[in-house]
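Undergrad: To start, I am sharing the structure in question, which I have written as structure tokens.
The values are calculated or read from the model by the stated rules, or taken from the named source; none is laboratory data. Here the structure is a predicted model, which is why all the values come from computation and not from measurement. Neighbour counts run over all protein chains shown; Cβ positions are idealised from the backbone, glycine included. Only protein heavy atoms, including side chains, enter the accessible area calculation; ligands, DNA and RNA are left aside. Shrake-Rupley method; radii C 1.70, N 1.55, O 1.52, S 1.80 Å.
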Amino acid sequence: MQRITSYLLVLSVLVLSSTSCQQDSKMLFDQYQETSGTWDKDDVKTFVYDVQDTVQRHNLFMNLRVNKNYPYSNVFVIFKIHQPNSDIMIDTLQFQMAKPDGTLLGSGFSDVKESKLELKEGYVFPKPGSYKFSVEQVVRELGEVDGVNSLKGVSEVGFRIEKQ
């Protein structure tokens, strides 16, 4: 009986260590920037990535870590791709962040939830070179013209590039 327990313990350790050390083979870039607990309207998050591959399709994501202080059911962002030739591609995007009952969406066991939000699917970089990606929050209160100055409950904003 003790021998079986020892084998199970060793097997468990091996399985856990092999799964926790696996690298995400699709991931090319993954970086986070912290906030002060709020994401200010003027705090544009910028990420730089050097591109060599102009054939492969890529998926671009924003990773957003929020906590129970996040007061909205969605988030609006302006996403910009600054290409090496100075062309800029701009998208305004909306993502759902909570269920109708207010429960935050995303992964995580504590009050902090991380949402992986797709910015572009199947994007092919048109030219090699240094690309700058920027994300800014443009959340507005219902019926208001001016945006929310400080978006509470956001702890980190990340950007991720994956091979498709």
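Undergrad: Tell me which residues, restricted to segment 48-81, are over 14 Å from Leu119 (Cα atoms), in contact with a strand residue (DSSP E or B) (Cβ under 7 Å, 6 or more places away or on another chain) and open to solvent by less than 50 Å² (accessible area, probe 1.4 Å).
TA: Tyr49, Val51, Val66, Asn67, Tyr70, Asn74 - these are the residues of segment 48-81 that are over 14 Å from Leu119 (Cα atoms), in contact with a strand residue (DSSP E or B) (Cβ under 7 Å, 6 or more places away or on another chain) and open to solvent by less than 50 Å² (accessible area, probe 1.4 Å).
Residues checked against (1) within 20 Å of Asp42 (Cα to Cα); (2) at pLDDT 95 or above; (3) among the aromatic types (Phe, Trp, Tyr); (4) in contact with a Leu (Cβ under 9 Å, 6 or more places away or on another chain):
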site: Phe79; (1), (2), (3), (4): yes, yes, yes, yes
site: Asp87; (1), (2), (3), (4): no, yes, no, no
site: Gln96; (1), (2), (3), (4): no, yes, no, yes
site: Asp101; (1), (2), (3), (4): no, no, no, no
site: Lys120; (1), (2), (3), (4): no, yes, no, yes
site: Glu141; (1), (2), (3), (4): yes, no, no, no
site: Gly147; (1), (2), (3), (4): yes, no, no, no
site: Arg160; (1), (2), (3), (4): no, yes, no, yes
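Undergrad: Turning to a different aspect of this structure: Looking at Pro84, is it open to solvent by 50 Å² or more (accessible area, probe 1.4 Å) and either among the aromatic types (Phe, Trp, Tyr) or touching a residue at least 40 places away in the same chain (Cβ under 8 Å) (or both)? Please lay out each step first, then the result.
TA: Working: open to solvent by 50 Å² or more (accessible area, probe 1.4 Å): yes; either among the aromatic types (Phe, Trp, Tyr) or touching a residue at least 40 places away in the same chain (Cβ under 8 Å) (or both): yes.
Considered against the rule, which asks whether it is open to solvent by 50 Å² or more (accessible area, probe 1.4 Å) and either among the aromatic types (Phe, Trp, Tyr) or touching a residue at least 40 places away in the same chain (Cβ under 8 Å) (or both), Pro84 comes out as yes.
Undergrad: Return the residue satisfying two criteria in turn: it lies in segment 92-141 and is assigned to a strand (DSSP E or B) and in contact with a His (Cβ under 8 Å, 6 or more places away or on another chain), and of such residues it is most open to solvent (accessible area, probe 1.4 Å).
TA: So the first thing to find is which residues in segment 92-141 are assigned to a strand (DSSP E or B), and the list is 92-96, 98, 104, 107, 113-123, 129-137, 140.
Then drop every residue that is not in contact with a His (Cβ under 8 Å, 6 or more places away or on another chain), which leaves 120, 122-123, 131-134.
Numbers: Lys120: 44, Gly122: 13, Tyr123: 26, Tyr131: 1, Lys132: 85, Phe133: 0, Ser134: 8 Å².
Only one residue tops the list, namely Lys132.
Undergrad: In addition: Considering Lys41, Lys120, Lys116, which residue is within 19 Å of Ser150 (Cα to Cα) and not acidic (Asp, Glu)? Outline the logic, then answer.
TA: Values: Lys120 fails: within 19 Å of Ser150 (Cα to Cα); Lys116 fails: within 19 Å of Ser150 (Cα to Cα).
Only one candidate qualifies: Lys41.
Undergrad: Give segment 115-144 a look and list any residue that's on the phi < 0 side of the Ramachandran plot and free of Cβ contacts under 8 Å to residues at least 40 places away in the same chain, or say none. Give the steps one after another, and end with the answer.
TA: Looking only at segment 115-144, we keep the residues that are on the phi < 0 side of the Ramachandran plot, and these are 115-121, 123-128, 130-142, 144.
Residues satisfying the conditions are Glu141, Leu142, Glu144.
Undergrad: Now for a different question. Specify which of the listed residues (Ser115, Ser86) is within 29 Å of Ser25 (Cβ to Cβ) and among the hydroxyl-bearing types (Ser, Thr, Tyr). Explain how you work it out, then say what you get.
TA: Working: Ser86 fails: within 29 Å of Ser25 (Cβ to Cβ).
Of the residues listed, the single one that is within 29 Å of Ser25 (Cβ to Cβ) and among the hydroxyl-bearing types (Ser, Thr, Tyr) is Ser115.
Undergrad: Just the residues that are surrounded by 19 or more Cβ atoms within 10 Å (Cβ to Cβ) and part of a strand (DSSP E or B), please, taken from segment 142-156. Full working, then the answer.
TA: Step one: list which residues in segment 142-156 are surrounded by 19 or more Cβ atoms within 10 Å (Cβ to Cβ), which gives 148, 151, 153-155.
Listed by number, the residues that qualify are Leu151, Gly153, Val154, Ser155.
Undergrad: Still on this structure, please answer the following. Which residue pairs have Cβ atoms closer than 7 Å, lie 6 or more positions apart in sequence or on different chains, and pair a first residue in segment 145-157 that is under 19 Å from Glu34 (Cβ atoms) with a second residue that is among the hydrophobic types (A, V, I, L, M, F, W, C) and open to solvent by 10 Å² or more (accessible area, probe 1.4 Å)?
TA: Ser155/Val112
Undergrad: Okay, moving on. State all residues of segment 30-67 that are out of contact with any Asp or Glu (no Cβ under 9 Å at 6 or more places or on another chain), assigned to a loop (DSSP other than H, G, I, E, B) and of a type outside the set (D, E, K, R); if no residue qualifies, say none.
TA: Gln52, Thr54, Val55, Gln56
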